[in-house]
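Input: a single structure, listed below in structure tokens.
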Amino acid sequence: MHPLERLVNLVALLLESRRPLTFEQIRGKMPEGYGQDDLQSAKRMFERDKDVLRDVGVPIEVIATDPWEVEQGYAILKHRYYLPEIDFTPEEISALFVAAHAGGPDDAAEQAVRKLLYGTDGGLVSGAPSAPLAAEAGVVDARLTAAAEAIAERRSVRFAYRTSRGVESERHVDPWGLVFRAGHWYLVGLDRERQEIRAFRLSRAGGELLLDGEADPPPEGFRAAEHVVGGPFGPGEPEERATVAFSPDVAWWATRGVQGAVVEDTRQDGWVQVTLPAAPGDALASWILSFGPDAVAVAPESLRAEIVHRLEAALR
Amino acid sequence: MTGRPRPAATSRASDRLRRLLVLVPYLVKHPGTELAEITRLFGVREDELTSDLNLLFVSGLPPYGPGDLIGVAIEDERVWIDMADYFSRPLRLTRAEALALYLRGTALAVTPGLREATALASALRKLEERLGPETLGELAERVEAAEGGKPAETLDALRKAVAGNERVRIEYYAASSAETTAREVDPEEVFFAIGNWYVAAFDHRSGEERLFRADRIRSVEPTGEPFEPRGLAGAGRALYTPTERDVPVRLLLHPAARWVGEYYEVDAETKTPTGDLEVQLPASRLEWVARLVLRLGGEAEVLSPPELKGRVRELAGRTKELYE
């Protein structure tokens, strides 16, 4: 008998049975599967099959079959096996299809969306992109999934971490939230050794995230996003506003991608003056400098001073 | 998930079982689905599919008489399944599956300019509500995503041109030369990567395949001229394509500038004993590297070529004049 046939039959048998079945009973009902003369080898095969089923996600329960708990039976409870009813519109399931394929293939996400296909109206994914809509949803890898599992199970995590300044160390963290910002996933939580709330960019965690003991819950009103500071690639979290002027060459596109940018004035020489949210730290100065002589900071004075300071360093 | 290695034969059986427990309920609910549609939706080859289905109709319940076996019929390239009431609904999502899909969807939902954004948001809400705490845990409350950008205004026009294989005239600000120029391009794919939308296109100005950042395209004007797609790679490709004209640039990065080594494609990377990073990266034009060094302030030093040092000084001098 083919192993797949045996596995399908076992799932069907346990799903349909009203009572838990002992191994002896299963063997009796499936003689072609487990009816070998050698009881021990039949039992070993059954144990292996059970592992496969658990690996696939089939919830097999072990339940005592008599009040004295002498004998054990196996059961698959319908309410724990079957997917709850979720009806998706074709547009919704198409969007999930796109998400599952965004940023490279991922077996788990694809399998998830295939299970959900069941609940589509009419069943067909109309309007699904023939070529998968190309998009990148940040890299969802084993580290991210482990971080999410740790949060869901309220467990602490251990991992090796390298800061943006290149310092490496072991961390032990109570994970309190995940934040996706500017193409990267961050794990936010309590750094146990430092006793401070920190944000860790998951792409800088080396190797695996190991789940450890129980984690403390986050404080009341905790918001993970507040602990992620802007990256080095553009203006970060808004706190105050800065005024910047751009040359006519770059003005038309410079602030297109910047949320909260407001055009104040076009000067006689064609330069466009814009106010935009200014983040603490030096990300904004870096961004303005990347335009070279096509941008100049007008205010605040501290921003101008920082830029002049850096230009002098480059001229030295 | 157990991480234990298993013999190849068993793991194949588990892959096939995983597929069957999803495929069968789908076919029970959607009778007469075409084979081609099944292979597309379930990512399975037709020969794999038929061998799975062949196995299925010798499966069922004890005593495995004709009335106990699963009924499978394949006619006119369509599939029907009956006598499988116990497989009339799929297996629920494992936690790993639910998390992987939910996190990908959450990240994708904040992509500025995404056509599927509304549908994706409502699909994710349904997942949160229906899968419940036993699968997603408290995760739904603990995940936040913010892309914080605005979509490029030219996206719709570009998508239209891609869908219709139509050549367009664009005005483009090229960061490599810090200039805005007009050119005709054949756009083949629009995609999102590391925070920006790009279009992969054949550029008639250079006679080469190029990537254009959508937010730097000032205008898109249709030409009415069709083109034959060349099959240019879009999503998943490296954002920088090396050319023969590339000059190797060597930079010494102090700790605050180390991100450059992660963000750009670098050919070589060496750590120095003082904790700095020496990188070599290819550049076809020196202009953008000079601007990069300028933005890094004193955190990056040019090691070679010498003319880049000159470009940085000249650029810094002209920029500083603006502050005098």
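May I ask you to say which residue of A:Val58, A:Val11, A:Val52 is in a loop (DSSP other than H, G, I, E, B), facing chain B (nearest Cβ under 9 Å), within 22 Å of B:Arg95 (Cβ to Cβ) and at pLDDT 90 or above?
Step by step, each of A:Val58, A:Val11, A:Val52 is checked, and only A:Val58 is in a loop (DSSP other than H, G, I, E, B), facing chain B (nearest Cβ under 9 Å), within 22 Å of B:Arg95 (Cβ to Cβ) and at pLDDT 90 or above.
Restricting to region B:26-47, count the residues that are part of a helix (DSSP H, G or I) and either at positive phi or exposed (fewer than 15 other Cβ atoms within 10 Å of the Cβ) (or both).
Going through region B:26-47 one residue at a time, the tally reaches 4.
Keeping to region B:177-206, report how many residues are under 24 Å from the mean Cα position of the chain (by Cα) and not in a strand (DSSP E or B).
2
Between residues in region A:211-227 that are closer than 16 Å to A:Arg198 by Cα and in the same structural domain as A:Tyr186 (by TED's automatic domain parsing) and residues that are small (Gly, Ala, Ser) and not in a strand (DSSP E or B), which pairs lie under 8 Å by C-beta distance while being six or more apart or on different chains?
Between residues of region A:211-227 that are closer than 16 Å to A:Arg198 by Cα and in the same structural domain as A:Tyr186 (by TED's automatic domain parsing) and residues that are small (Gly, Ala, Ser) and not in a strand (DSSP E or B), the close pairs are A:Ala215/A:Ala150.
Taking into account only those residues within region A:104-123 that are in a loop (DSSP other than H, G, I, E, B) and at the interface with another protein chain (Cβ under 7 Å from one of its Cβ atoms), which is modelled with the lowest pLDDT?
Going through the qualifying residues, I end up with A:Gly123.
One residue is enough: does region A:160-168 have a residue meeting the conditions at pLDDT 85 or above, surrounded by 16 or more Cβ atoms within 10 Å (Cβ to Cβ), aromatic (Phe, Trp, Tyr) and within 17 Å of the chain's Cα centre (by Cα)?
Within region A:160-168 (the criterion being at pLDDT 85 or above, surrounded by 16 or more Cβ atoms within 10 Å (Cβ to Cβ), aromatic (Phe, Trp, Tyr) and within 17 Å of the chain's Cα centre (by Cα)), the answer is no, since none of the residues qualifies.
Of all residues in region A:266-299 being touching a Gly at 6+ places or on another chain (Cβ under 8 Å) and part of a strand (DSSP E or B), which is modelled with the lowest pLDDT?
A:Pro277
In region B:281-300, which residues are within 10 Å of chain A (Cβ to nearest Cβ), touching a helix residue (DSSP H, G or I) at 6+ places or on another chain (Cβ under 9 Å) and closer than 19 Å to B:Leu253 by Cβ?
Matches in region B:281-300: B:Ala290, B:Arg291, B:Leu292, B:Val293, B:Leu294, B:Arg295, B:Leu296, B:Gly297, B:Gly298, B:Glu299, B:Ala300.
If only one of B:Glu208, B:Glu184, B:Glu188 is crowded, with 16+ Cβ neighbours inside 10 Å and at pLDDT below 90, which one is it?
Exactly one of B:Glu208, B:Glu184, B:Glu188 is crowded, with 16+ Cβ neighbours inside 10 Å and at pLDDT below 90, namely B:Glu188.
If B:Pro226 satisfies all but one of (1) at pLDDT below 85; (2) within 18 Å of B:Arg159 (Cβ to Cβ), what's the number of the condition it fails?
Exception for B:Pro226: condition (1).
The values are calculated or read from the model by the stated rules, or taken from the named source; none is laboratory data. Since this is a predicted model, take the numbers as computed values, not measurements. Every residue, glycine among them, receives a Cβ derived from its backbone with ideal geometry; neighbour counts consider all protein chains shown.
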